[in-house]
Amino acid sequence: MDNVQTVVADVGDAASVKRIFENNNPVDHIFIPAGSMAPGKILDTHPDKFRQSLEERIFGPLYVVRAAVPKMPKSGSITLISSISVDHPIPGITMTTVGVAAARTLTAPLKKERLT
C-alpha cells in the first residue's frame, strides 16, 4: 500500500478537483463517496436547500471523471457510492435520491465511452 494516495476534496468545486489531478499521474482507481444529504419534502422545502447536495452528487462525479479519466490506464476504475433509496424511495430525501440516481446513471455511459 505504499503507492496509495488519498485525497479529500470538495468535489462540488471544479477548479479544486482539477488541481488535484494536475500533479498526480497516473490514476489507477478513484473512489467517490456519497455527498451531503438534502432532507426535506419536495413541496415544503425551498429548492435552494437541495442545490448543494445535487451539485455534489451530480456535478461532483462529473468533475472528478473529467479530471481523472485522461490520466487512467484502460484497466483503471471508478467507484461511485449509490444508495438503496434509488430502488426503495424514502420520503423526505427525494432530492438526495435524485442526485444519487444521477451519479449511478453516469457509470454505464462512461464505461461505453471509455471502451470506444
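The values are calculated or read from the model by the stated rules, or taken from the named source; none is laboratory data. Given the structure is predicted, the values throughout are model-derived calculations rather than measurements. Here Cβ is always computed from backbone atoms with ideal geometry, including for glycine, and neighbour counts include all displayed protein chains.
A few comments on the model shown:
- PHE50 more than 24 Å from LEU110 (Cα to Cα), surrounded by 13 or more Cβ atoms within 10 Å (Cβ to Cβ) and modelled with pLDDT under 90: yes
- Scanning the range 56-73 for residues that are in a helix (DSSP H, G or I) and over 9 Å from the mean Cα position of the chain (by Cα) yields ARG66, ALA67, ALA68, VAL69, PRO70, LYS71.
- Residues of the range 83-106 satisfying the condition of being of a type in the set (S, T, N, Q), free of Cβ contacts under 8 Å to residues at least 40 places away in the same chain and either surrounded by fewer than 15 Cβ atoms within 10 Å (Cβ to Cβ) or assigned to a loop (DSSP other than H, G, I, E, B) (or both): THR105
- When THR79 is tested against (1) surrounded by fewer than 12 Cβ atoms within 10 Å (Cβ to Cβ); (2) at pLDDT below 90; (3) over 15 Å from the mean Cα position of the chain (by Cα), exactly one condition is not met: (3).
- Matching residues in the range 64-76 - criterion: being surrounded by 13 or more Cβ atoms within 10 Å (Cβ to Cβ) and of a type in the set (Lys, Arg): ARG66, LYS71
- Selection count where residues are of a type in the set (A, V, I, L, M), more than 28 Å from ILE93 (Cβ to Cβ) and surrounded by 12 or more Cβ atoms within 10 Å (Cβ to Cβ), scope the range 1-40: 2
- Residue in the range 22-36 that is at pLDDT below 90, assigned to a helix (DSSP H, G or I) and either more than 15 Å from the chain's Cα centre (by Cα) or under 16 Å from PRO70 (Cα atoms) (or both) present: yes
- Only a single criterion out of (1) over 21 Å from THR79 (Cα atoms); (2) assigned to a loop (DSSP other than H, G, I, E, B); (3) free of Cβ contacts under 8 Å to residues at least 40 places away in the same chain; (4) of a type outside the set (A, V, I, L, M, F, W, C) is not satisfied by PRO39, namely (3).
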